[in-house]
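J.: I am attaching a structure below and will ask some questions about it afterwards.
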Amino acid sequence: MDVNTIYRGDTLEVLPTWPAGCVDLIFTDPPYNIGYVYDKYHDDLPDDQYVAWCRDWMAECQRVLTDTGSFYIAIGDDFAAQLRMLGKQLGLHLRNWIIWYYTFGQNMKNKFCRSHTHILYFTKHPKECTFNDHLLRFPSARHTEYQDLRANPHGRLPNDVWDEFPRVCGTFKERDGFHGCQLPEAMLTRVIMASSNPGDVVLDPLLGTGTTAVVAKRLGRRYVGIDISPEYVSRARERLENVCDESEAEPVNGVWPELHREFLIQLYRETKVTLENLLPNEVALRVIATSLKARTGASYEMEDVREEFERLAEEKRFPKLPNDTRFAARNHVTSEGKRYKRQVFRQRNRKTRVSTVSESLFSAL
């Protein structure tokens, strides 16, 4: 296996030639077997044949994964349960069943509209795995609305329902146009930051648009991709030529690297609070600055964050939030966190209470 390489070929022919335990993180978005038109793959197999195919490539992925590695699979409704059970049969451990929720999903006429994708997050070991929680944190409502000093100063972790990543629609600048199933780079950024470290090997065995490899390269990871389509491989290699490793980028003369600005935009999307409320909120800005330091390694302070927020607002870079209504902040800032006297309320044992009542009834008789 050569790192920083895109292989053209059948993943079931390429993966068996690699040594065991050579990959730290796997993310893939396989065909869903729903009749989608791909370049070189027929996406309408009999159910049993599709499940058997998935088991084969999942087994090879499990083999090449390191003992502390992670394995993410994005899949639709039709076969999510089967792939979860395949993972269990292969000895993988499910840490999260993530739901990626998005608007502008599939419109339906005779049932509820589809607006989500499942992401199965497996690990090879039940407990020992890479999970960089400090790279994922953002301000919670305790910071943004209540300015509560008891809240974790590093912020909170995302839920297992991800609604911060819009689909890459046809009008988006991010869209490359040669493939209809392109995932957002911001979502892959969360996965790769969470479950790998700089220098780790990140594999996508069904590469498609190449987004996994592109994000891995930007974040200073080594990438490997496999796809059966010569066109997809060629286009993915073109995408990779236009990106560079930005993991050690630093601001120059006050100008932030583009990756750092994207991190700040994503923190805004995760926090879900308008700039009107964020800019005067020192508690929330301090958490955002702490999170940025963890994600970028650069020494950004609260005022740096505030100034960059204002610049991004002037450039109209921020997405529209689901709720853009300004709220009245409830200022709980004090010199120290509030302290409450703990009271323990004990309830009498129910059996004792019943027996006492029974004894009184018998005595009355």
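The values are calculated or read from the model by the stated rules, or taken from the named source; none is laboratory data. Nothing here was measured: the structure is a model prediction, and the numbers come from that model. Note: ideal-geometry Cβ built from the backbone for every residue, glycine included; neighbour counts use all protein chains shown.
J.: Just give me the residues in the range 21-55 being touching a helix residue (DSSP H, G or I) at 6+ places or on another chain (Cβ under 7 Å), under 20 Å from THR212 (Cβ atoms) and outside any loop (DSSP other than H, G, I, E, B), in sequence order.
T.: Across the range 21-55, the qualifying residues are VAL23, LEU25, ILE26, PHE27, CYS54.
J.: Here's a check for you: in the range 48-74, which residue that is more than 25 Å from ILE99 (Cβ to Cβ), in contact (Cβ under 8 Å) with a residue 60 or more places away in the chain and out of contact with any Lys or Arg (no Cβ under 9 Å at 6 or more places or on another chain) is surrounded by the fewest Cβ atoms within 10 Å (Cβ to Cβ)?
T.: Selected residue: GLU60.
J.: Moving on to the next point. Of all the residues that make up the range 233-257, how many are out of contact with any Gly (no Cβ under 6 Å at 6 or more places or on another chain) and not in a helix (DSSP H, G or I)?
T.: Of the residues in that region, 14 qualify.
J.: Which residues, counting only those in the range 118-153, are in contact with a helix residue (DSSP H, G or I) (Cβ under 7 Å, 6 or more places away or on another chain), part of a helix (DSSP H, G or I) and closer than 21 Å to GLU276 by Cα?
T.: HIS143, THR144, listed by residue number.
J.: Does PRO16 qualify as being in a loop (DSSP other than H, G, I, E, B) and more than 20 Å from MET193 (Cα to Cα)?
T.: Spelling it out, it is not the case that PRO16 is in a loop (DSSP other than H, G, I, E, B) and more than 20 Å from MET193 (Cα to Cα).
J.: List every residue pair whose Cβ atoms lie under 9 Å apart, where the two residues are 6 or more positions apart in sequence or sit on different chains, the first residue falls within the range 284-303 and is within 22 Å of ASP148 (Cα to Cα), and the second residue, located anywhere, is outside any helix (DSSP H, G or I) and of a type in the set (Val, Ile, Thr).
T.: Sorted first by the residue in the range 284-303, then by its partner, the pairs are ALA284/VAL273.
J.: Taking the range 258-307 on its own, how many of its residues are at pLDDT 95 or above and assigned to a loop (DSSP other than H, G, I, E, B)?
T.: 0
J.: If only one of ASP163, ASP204 is touching an Asp or Glu at 6+ places or on another chain (Cβ under 9 Å), at pLDDT 90 or above and among the acidic types (Asp, Glu), which one is it?
T.: Matching residue, one of ASP163, ASP204: ASP204.
J.: While we're here: Mind counting the residues in the range 255-297 that are over 29 Å from TRP100 (Cβ atoms), out of contact with any Lys or Arg (no Cβ under 8 Å at 6 or more places or on another chain) and not basic (Lys, Arg)?
T.: Here the count works out to 4.
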